[in-house]
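The values are calculated or read from the model by the stated rules, or taken from the named source; none is laboratory data. Not measured: the values here are computed from a predicted model. Note: ideal-geometry Cβ built from the backbone for every residue, glycine included; neighbour counts use all protein chains shown.
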Amino acid sequence: MRAFFHPDQRLHTPQQFMRAGRLAAPQDVPARVDPLLAALAGRGIAAERPADRGLTPALAVHTPDFLDFLAGAWGRWAALPNAGPEVLPNLSPYWNGTPGTVRPPCRSASVVAQAGHYLGDLAVPLGEASWTAILASTWTAAGAAEAVLGGDRAAYALCRPSGHHARADRASGFCYLNNAAIAAQALRGRFAKVAVLDIDAHHGDGTQEVFYGRGDVLTVSLHADPAVYYPFYTGYADERGVGAGEGANLNLPLAPGTGDDGFHAAIDRGLAAVRDFGAEALVVSLGFDSHAADPIGLLKVSTDGFAGAGARIAAAGLPTVVVQEGGYEVGVIGDCLGRFLDGFGGV
């Protein structure tokens with residue numbers, strides 16, 4: 001399996017996020033990439049630096065006004081009187097729109113107003129170098145997709161920041177631009193039907209939103225029950241898509257404490273849906289926050305449980321792009337990736 005990573009992805013250095021009413025230490029720290037790179041190297045896989053693709057991959061999924069905000073927010077924010085160290089919203093605008101559609105751009109030119117419009121929570125701070133890292137992460141996803149389009153069986157994108165909570169025009173949950181959606185859209189250039197299988201502990205609400213009204217991309221997400229876990233408002237089993245996308249979205253909520261058996265059973269259900277959909281290629285949103293040791297997790301998957309996940313996904317026999325999502329216990333995520341690769345390569 002080829003792998004891709006851009007060193008600029010280390011430049012995003014968040015200082016805080018809000019957790020249960022308290023500003024907490026950041027979880028998506030640059031050091032997360034080191035054990036993942038070590039796991040690749042330990043299996044003889046050199047991480048390739050993806051080409052600079054500018055805004056092209058992001059524009060295939062995200063709105064221009066949102067990208068303009070992310071690119072310029074820090075400089076505008078830093079110019080404010082008494083500005084804090086990071087761009088964070090203090091507003092939460094309500095929009096009663098149709099699911100599967102995108103909001104109009106923010107009507108105000110104020111960076112404070114736009115922060116509320118484009119940043120969905122207090123887990124997506126923007127610092128001075130965040131945009132550089134965010135953009136490089138999209139190039140990593142695009143590089144892996146390009147490898148699969150070129151004939152590779154599979155490719156891994158070590159994306160940081162993660163992406164599956166990012167909607168077409170909104171960042172949230174440590175995610176700014178949706179790397180999995182970018183990879184899926186790129187694969188659509190060759191494959192008529194593409195599926196996204198999200199096995200991160202959190203519902204992939206951003207990926208669901210991007211494709212919710214489309215019938216050419218199936219989105220499947222297995223995750224801790226959103227009744228008690230972020231993102232709370234989406235991820236329920238009755239969300240099936242709208243319009244042309246009706247029936248092309250499948251959510252598989254898991255009870256807190258679910259371990260390997262339940263995790264694998266949900267993956268099997270998801271892959272059965274992928275097969276029934278007739279997908280010709282697959283994107284996997286791979287998160288390790290379902291591991292029992294994760295500091296913000298509710299599931300109890302073991303390290304070896306990811307080998308079972310890798311074997312099941314490989315057995316589907318589809319051209320596959322694996323996109324890294326969450327996983328915040330630095331001491332275990334490298335082993336989790338290693339076991340996933342072992343399972344995937346053993347089929």
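Numbers for the structure displayed
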item: F232, sole failed condition from (1) touching a residue at least 60 places away in the same chain (Cβ under 8 Å); (2) among the aromatic types (F, W, Y); (3) within 30 Å of M18 (Cα to Cα); result: (1)
item: Matching residues in segment 245-268 - criterion: being in contact (Cβ under 8 Å) with a residue 40 or more places away in the chain, touching a strand residue (DSSP E or B) at 6+ places or on another chain (Cβ under 7 Å) and not in a strand (DSSP E or B); result: P256, G259, D260, F263, A266, I267
item: Matching residues, segment 127-165, being in contact with a strand residue (DSSP E or B) (Cβ under 7 Å, 6 or more places away or on another chain), surrounded by fewer than 24 Cβ atoms within 10 Å (Cβ to Cβ) and not in a loop (DSSP other than H, G, I, E, B); result: A147, A154
item: Residues that are outside any helix (DSSP H, G or I), more than 22 Å from the chain's Cα centre (by Cα), in contact (Cβ under 8 Å) with a residue 12 or more places away in the chain and within 13 Å of S110 (Cα to Cα), drawn from segment 69-89; result: L80
item: Close pairs from segment 28-51: first more than 16 Å from G143 (Cβ to Cβ), partner assigned to a helix (DSSP H, G or I) and acidic (D, E), Cβ under 9 Å, at least 6 apart; result: P35/D335; A39/D335; R43/D342
item: Unique match (being β-branched (V, I, T), at pLDDT 95 or above, over 26 Å from L177 (Cβ atoms) and within 20 Å of the chain's Cα centre (by Cα)) among V284, V301, V274, V323; result: V301
item: Evaluation of G241 against (1) touching a Lys or Arg at 6+ places or on another chain (Cβ under 9 Å); (2) in a strand (DSSP E or B) (one fails), failing number; result: (2)
item: Residues located in segment 295-338, provided they are among the acidic types (D, E) and part of a loop (DSSP other than H, G, I, E, B); result: D304, E325, E329
item: Any chance D276 is closer than 24 Å to Y212 by Cα and not in a strand (DSSP E or B); result: yes
